[in-house]
Structure formats: C-alpha cells, structure tokens
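What follows is a short report on a single structure.
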Amino acid sequence: MKRLAILIVFTCLVLISTGCHALPGAVPPSSSPQSPSAEPAPPALATEASVVRVIDGDTIEVDIAGNLYRVRYIGIDTPETVHPTRGEELYGKEASAKNKELVEGKEVHLEKDISDTDKYGRLLCYVWVGDLLVNAELVRLGYAQVATYPPDVKYQDLFLQLQREAREAGRGLWATTRPAQPITQGTYVGSIQSDKYHYPDCYWAQQIKPENLIWFSSAKEALDMGYVPCKVCGPPDQ
Ligand SMILES: [Zn+2]
C-alpha cells in the first residue's frame, strides 16, 4: 500500500514536471559548487519563459512554449499580499510590486534545482532576467526572507549573505520587524542569522552564538516574524 502510494506520487511528479527542465537531449547542467560570495552567472542551460502575470512577491505565472505554468521562486519567502487568516501582511504589497517591476511581461530564464515542483504543483525555479537572479535581488533589497527547503539549496549561501546585508542596512521588511528590545528568554529560540525556531534544548539551538539569540514566547510570534519550525526538533507550527 505504501509502495503504491509512493509510486502514484512519483508518477504525478513526473507528469507535472515539464517546465524547468532543460530541453530533451541537452547536456545536464554542471553541478560545480557555488562559492558564497561569488556573483553567480546565469546557467548556460535553462528554460525560456515569458512572464504572463505576477501573482505575488514570490510566485508568477509563465508561458513556456504555449503552456501556462505557475512558478514558485526557490529559497525565499515574501510576505503574502493577503493571508487567509491574518489579513494583509506587512510588506506584502511592496514585495508584490517589486516583483512586478522586475519580471512582469519579461522574457526570463528558469533554472531548476533538485525538486521539480512543490506540494501545490508549482514549478520550483530560480528566475533570471538577463544576468539578474531575481530570487537573490528580492532578498538583497529586503523584500524577501531566506526560506531554505532542502534539497533545493544551490544559492542558499548567497541568499543568507544578502539577507544579512539587508538586515544590517535595515532595508525593506528589516526596517519594521526587528524587535525594539532584545528578549532574553521564552519558549522557543532562534538565531538572527537564520530563519528557524527551535526548542531551547535542540542541538542546533545550542550552536547559536549568544549575541545572535532571539527568543519567542509562542510559535505564533516566531511565525509572525518570518521564522519556520526546525525540522530536527520539530516545534509546533501554529
Ligand atoms: Zn531545532
């Protein structure tokens, strides 16, 4: 039964994953490691697409050879324009507007990482406009936060570095979400250098340098600040 379920999921993934692939017969992209500080070059092999519509700060609709696909940017999260339960999130509109400015109506190159699609069937891609990696630009300008979902981590080091710079400069959403006073204790803990929150006794929580600690009194508080639950210690996600 379990094997059957896996087979069905795999078959579905194969069926829906046509967008970010290089063309049939093409040589697979090289997997040379990306050094964190180097400016990445656009991939030699990527799928060309035109952006039909910008849905929000990290989701677009594209036309690939006459077919429409939804594309979710890899490695980042922007505030949702209208959240189902929280209403309009801080900075959602601005992130959406910046994304429009960067890609709307343009020809883009889509680069995939390991996964083809997310659980909603959207293509997971790095989006390039010429030499500009849009995922990175949104982080650099403070319109997006880094959200790492292994195994799709090709540009994670670059994204984290740009996020640190944006946070230090107080750009975009970092101008408003930083707490006025550091909190010194709470139920969950995170690092200002990452986007995970943990139980305080988690191995990874204990690796955080004291000056980088940030405490949350509830999971909601952590989530509201853009943190996501650690997959190792598994704190509640609501
Ligand atoms: Zn943890």
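No lab work stands behind these numbers, since they all come straight from the coordinates. All values reported here derive from a predicted model rather than from experimental measurement. Counting neighbours? That spans all protein chains shown, and the Cβs are built from the backbone with ideal geometry, glycine included.
Test of understanding: express the Cα radius of gyration of region 44-165 as a ratio to 2.2 N^0.38 Å, with N the residue count.
Numbers: Rg = 13.4 Å, N = 122, 2.2 N^0.38 = 13.7 Å.
Its radius of gyration relative to the 2.2 N^0.38 Å reference: 0.98.
In this model, which of 106/196; 119/209; 112/231 are farther than 29 Å apart at the alpha-carbon?
From 106/196; 119/209; 112/231, over 29 Å: 106/196; 119/209.
Modelled label-to-label distance, residue 48 and residue 61, 7 Å Cα→beta-carbon offset: nm?
Label-label distance for residue 48 and residue 61, simple model: 2.3 nm.
By DSSP, what percent of the beta bridges with both residues in region 179-229 are antiparallel, rounded to the nearest 5? Kindly include the intermediate steps, with their values, before the conclusion.
Working: 6 of 8 bridges.
For region 179-229, the DSSP antiparallel bridge percentage is about 75.
For region 179-229, report the translational diffusion coefficient in µm²/s to the nearest whole number, using Stokes-Einstein at 10 °C, 1.306 mPa s, and a Kirkwood Rh over Cα pairs. Walk me through the numbers on the way to the answer.
Details: Rh = 10.6 Å.
D = 150 µm²/s.
Can you tell me the alpha carbon radius of gyration of region 95-238 divided by the globular rule-of-thumb value 2.2 N^0.38 Å? Provide the component values of the computation, followed by the final result.
Working: Rg = 16.3 Å, N = 144, 2.2 N^0.38 = 14.5 Å.
Relative to the rule-of-thumb radius for its length, region 95-238 sits at 1.12.
When 55, 114 are ordered from fewest to most other Cβ atoms inside 10 Å of their Cβ, what list results? Show your work: numbers first, answer last.
Values: 55 15, 114 11.
If I rank by nearby Cβ atoms, fewest first, I get 114, 55.
Work out, step by step, the length gained on full extension between residue 119 and residue 175: first 0.36 nm times the residue separation, then minus their alpha carbon distance; give nm to one decimal. Can you show the working numbers first?
On the way: separation 56, 0.36 × 56 = 20.16 nm, distance 3.18 nm.
Result for the pair: 17.0 nm of gain on full extension.
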